[in-house]
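All remarks here apply to the structure that follows.
The values are calculated or read from the model by the stated rules, or taken from the named source; none is laboratory data. In this text, all values refer to a predicted model and were calculated from it rather than measured experimentally. So basically every Cβ, Gly included, is an ideal-geometry build from the backbone, and we count neighbours across all protein chains shown. Areas reflect the complete protein model, heavy atoms only, side chains present, ligands, DNA and RNA absent. Shrake-Rupley method; radii C 1.70, N 1.55, O 1.52, S 1.80 Å.
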Amino acid sequence: MPIVHIDLIEGRNKEQIKGLVSDVTKAIVKNTGAPAEHVHIVLNEMQKNRYSVGGNLKSDEK
């Protein structure tokens, strides 16, 4: 049973998330042979003020 964890910054709509999990599931099925119903995906959405790159919060970017 493949388990995939994806961390991303908040802001995607439902259709984007559905596309993401569909594409990731297809890639796992193709490359591992696991049935789609056994692929688990955990999405962790972070607030922009809880993620930093180079010492700068993403919420401070314009």
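Annotations for the structure displayed:
- Backbone phi angles across segment 2-18, fed through the Karplus curve with coefficients 6.51, -1.76 and 1.60 (θ = phi - 60°), yield HN-Hα couplings of x, 10, 10, 10, 10, 9, 8, 7, 4, x, 8, 8, 4, 5, 5, 5, 4 Hz in residue order; Gly and Pro are listed as x.
- Distance between the 7 Å Cα→Cβ label points at Lys26 and His40: 2.5 nm.
- Placing a label point 7 Å from the Cα of Val4 along the Cα-to-Cβ direction, the residues of segment 31-55 with a backbone N closer than 15 Å are 31-44.
- Antiparallel DSSP beta bridges within the chain, as percent of all bridges there, nearest 5: 20 percent
- Rounded percent of accessible protein surface that carbon and sulfur make up, the chain, 1.4 Å probe: 50 percent
- Per-residue HN-Hα couplings for segment 25-39 [Karplus 6.51, -1.76, 1.60; θ = phi - 60°; Hz; x = Gly/Pro]: 4, 4, 5, 5, 4, 4, 9, 10, x, 5, x, 3, 5, 9, 8
- Residues whose amide H falls under 5 Å from that of Val4, counting only those 5 or more places apart or on a different chain, are His40, Ile41, Val42, with hydrogens built in the peptide plane.
- Semi-axis lengths (Å, descending) of the ellipsoid that matches the C-alpha gyration tensor of the chain: 29, 12, 9
- Remark: the chain carries 78 Å² of accessible area per residue (probe radius 1.4 Å; ligands, DNA and RNA excluded).
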